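Student: Here you go, one structure.
Quick note: the coordinates plus some simple rules give every number you see, no bench work behind them. This is a predicted model, so every value here is computed, not measured. We place every Cβ from the backbone using ideal geometry, glycine too, and count neighbours over all the protein chains shown.
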Ligand SMILES: Nc1ncnc2c1ncn2[C@@H]1O[C@H](COP(=O)(O)OP(=O)(O)OP(=O)(O)O)[C@@H](O)[C@H]1O
Ligand SMILES: Nc1nc2c(ncn2[C@@H]2O[C@H](COP(=O)(O)O)[C@@H](O)[C@H]2O)c(=O)[nH]1
């Protein structure tokens, strides 16, 4: 048993509010370190390389995977996403609380490679509200929304694989609960 803090993984269907909750939490607690993933997805308006994601080409993603530089990676709704390994390990070794915001496939891979990680599932108050949030965000084309909602059905069915479920009715409440689970407060 090491005294390294546990890694926390936050997953949940697209549009449930993961980024919103994490941004709220980090406004008050910037010491919570959020891993910046690499992705082959194109940036949305306002997204910046190295902030929300490292936006990489297919070839660059191939190399990251081949060189073992990713702790986990997955294909989600037509794009690939992966967690840079080195930065996560450095932060854990430095004793800092580390958070990954990743999909179900990634959460399963982290559980395999790091069984001490705690897995938190963010659930919507209802299916209708999830559709409303994903559509209302206005960042995806209708066919992409359909793919994400198809993935959401699979993700919702896997909730019992997680250590804890938080229902995102109130961003403030969920952010507080997540901080408590991470033992930040
Ligand atoms: N508790 C909430 N009540 C109402 N709206 C919310 C709540 N939480 C988030 N939202 C809204 O839902 C939309 C989706 O939120 P967000 O982008 O954070 O989801 P996400 O889970 O990170 O999605 P993705 O996995 O696709 O990146 C946003 O427009 C956000 O403002
Ligand atoms: N397995 C991984 N999933 C990731 C990673 N980074 C983000 N994600 C998840 O992808 C979907 C879509 O994200 P979006 O920004 O395109 O809306 C969402 O569920 C993210 O949590 C990662 O490194 N690995």
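Student: Classify the stretch 8-181 from the C-alpha gyration tensor, please: rounded if a/c falls under 1.5, else prolate or oblate depending on whether a/b exceeds b/c.
Tutor: Numbers: a/c = 1.42, a/b = 1.09, b/c = 1.30.
Cα axes put the stretch 8-181 in the rounded bin.
Student: Among 142, 124, 45, which one moves the most in a GNM of the chain with springs linking Cα atoms closer than 10 Å?
Tutor: Top of the fluctuation ranking is 45.
Student: Among 44, 80, 111, which one shows the highest mean-square fluctuation when the chain is modelled as a Gaussian network with alpha-carbon springs under 10 Å?
Tutor: Maximum among the listed residues: 44.
Student: Sticking with this structure for a sec: Restricting things to alpha carbons, find the Rg to Rh ratio for the stretch 91-185 using the Kirkwood radius for Rh. Don't skip to the answer; put the middle values down first.
Tutor: On the way: Rg = 14.9 Å, Rh = 15.0 Å.
That ratio is 0.99, to two decimals.
Student: Label points 7 Å out from Cα along the Cβ direction at residue 114 and residue 164: separation in nm?
Tutor: 1.6 nm
Student: Which FRET efficiency value, to the nearest 0.05, do you get for residue 180 and residue 141 by plugging their Cβ-Cβ distance into 1/(1 + (r/R0)^6) with R0 = 45 Å? Display every interim value, and only then the final one.
Tutor: Values: r = 38 Å, r/R0 = 0.84.
The pair residue 180/residue 141 has a calculated efficiency of 0.75.
Student: Let me ask something else. Counting other C-beta atoms within 10 Å, which of 109, 71 has the fewest, and how do the rest follow?
Tutor: Working: 109 19, 71 23.
Ranking 109, 71 by Cβ neighbours within 10 Å, fewest first, gives 109, 71.
Student: For the chain, with a Gaussian network of springs between Cα atoms less than 10 Å apart, report the residue from 67, 79, 168 with the top mean-square fluctuation.
Tutor: 67
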